[in-house]
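Data first, discussion second: the structure below is written as C-alpha cells.
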Amino acid sequence: MTYEWQFSPVFRYADMLWQGVLGTLMLTGVALLLALPLGLVLALLRLGKVPVLGRMAVIYIEFFRLSAAIVLLYWFYFAFPVLFDITLDPFGAAVLAIGLQAAAFYAEVFRAGLQSVAQGQWEAARAIGMTRAEALRSIILPQALRNTLPVFLARLVDLIKTSALAATIAYPDVVYAAMRVASQTYRPIETFTVLGAGFFIVIFCLSQASRRLEGRLAVGRRI
C-alpha cells in the first residue's frame with residue numbers, strides 16, 4: 001500500500017505551529033538568560049582560590065550534567081510544589097530545569113575559555129595596576145568569550161533540542177503545537193515531518209555558523 005502524503009491539512013494550522021515556535025524561542029531565550037550568568041559564576045568559583053566554593057561548584061556541575069533533562073522537568077513540575085509548596089507553571093518548571101542544567105554545561109565552556117587565556121595576560125594587567133576584577137572584566141573575559149564562541153553556538157544547539165522536551169509537561173512549544181495539529185488533522189507523519197524539517201534547518205544553520213566561526217578564529221590565532 002502506497003502512503004498518500006497530504007501536507008495541506010498541516011499548513012492550514014500554520015498559525016498554531018507559529019505560536020509554538022514563539023513559545024520555543026521564549027523558553028530557549030529565558031533559559032539562556034539564566035544559564036549564562038550562572039555558568040560564568042560557577043566557572044569563576046571553580047577556578048577561584050576558595051576550595052569550599054570550588055568543590056560546591058563541581059558538585060553542582062557534575063550533578064546537572066549527569067542528570068536526564070526529562071527527569072529534571074518532571075521533578076520541578078511535580079515534586080518541587082510538593083516539597084517546597086511553590087507551584088510552578090509549565091513555563092517556570094521548564095526554565096528552571098533546562099536553564100539550571102544548561103548552566104552546568106556553560107560553566108565548563110567558560111572554564112575552558114578562561115584557562116585558554118595566557119597567564120601573561122594576568123601578569124600584564126597587574127603590572128599596569130589593575131585589580132583582579134578589572135583585569136577579568138576588561139582583558140580576560142573578552143578573550144575567553146572570543147575563544148569559546150564556536151562552543152557556545154554548539155551548546156545553543158543542544159539547548160534548543162532539549163527545549164523540545166518541555167512538551168511533556170504541556171508547555172505550549174512547537175512540539176506541543178505539532179502534537180495538537182496531528183491530533184486534529186489525523187496527519188501525524190506529515191506534521192512531524194514538517195516539524196523535523198524545521199528543527200533540521202535551524203540546527204544545521206547554527207552548526208554551520210559554529211564551524212565557520214571556529215575556522216575564522218583558528219586563522220586569526222595563526223596570524
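Some points to look at:
- Distance-filtered residues of the stretch 176-216 - backbone nitrogen under 20 Å, label point 7 angstrom along Thr2 Cα→Cβ: 189-190
- Semi-axis lengths, largest first, of the ellipsoid equivalent to the stretch 1-72 are 44, 16, 8 Å, with √(5λ) applied to each eigenvalue of the Cα gyration tensor.
- Candidates Thr24, Thr148, Thr131: whichever shows maximal mean-square fluctuation once the chain is modelled as a Gaussian network with Cα springs under 10 Å: Thr131
- A Förster distance of 25 Å, applied to the separation of the beta-carbon atoms of Ile70 and Leu33, puts the FRET efficiency at 0.70.
- Peptides 57-69, 174-186 ranked from most to least packed give 174-186, 57-69, packing being the mean of other C-beta atoms within 10 angstrom over each peptide's residues.
- Nearest 10 degrees, 0 to 90: helix 90-116 Cα axis against the chain principal axis: 40 degrees
- The chain, helix-only ellipticity at 222 nm - DSSP H runs n ≥ 4, -39,500 (n - 2.57), divided by all residues, nearest 500: -26000 deg cm²/dmol
- Volume per residue that the Cα convex hull of the chain spans, once the total is divided by residue count, Å³: 163 Å³
- Compared with the dominant Cα axis of the chain, that is its longest principal axis, helix 141-163 is turned about 20°.
- The packing ranking of peptides 3-15, 111-123, highest mean first, is 111-123, 3-15, where packing means the average number of other beta carbon atoms within 10 angstrom of each residue.
The numbers here are math on the coordinates, done by the rules we state, and not lab data. The shown structure was predicted, so the numbers you read here are calculated from the model rather than taken from an experiment. When we count neighbours, we look across all protein chains shown, and the Cβ atoms used for this are built from the backbone with ideal geometry, even at glycine.
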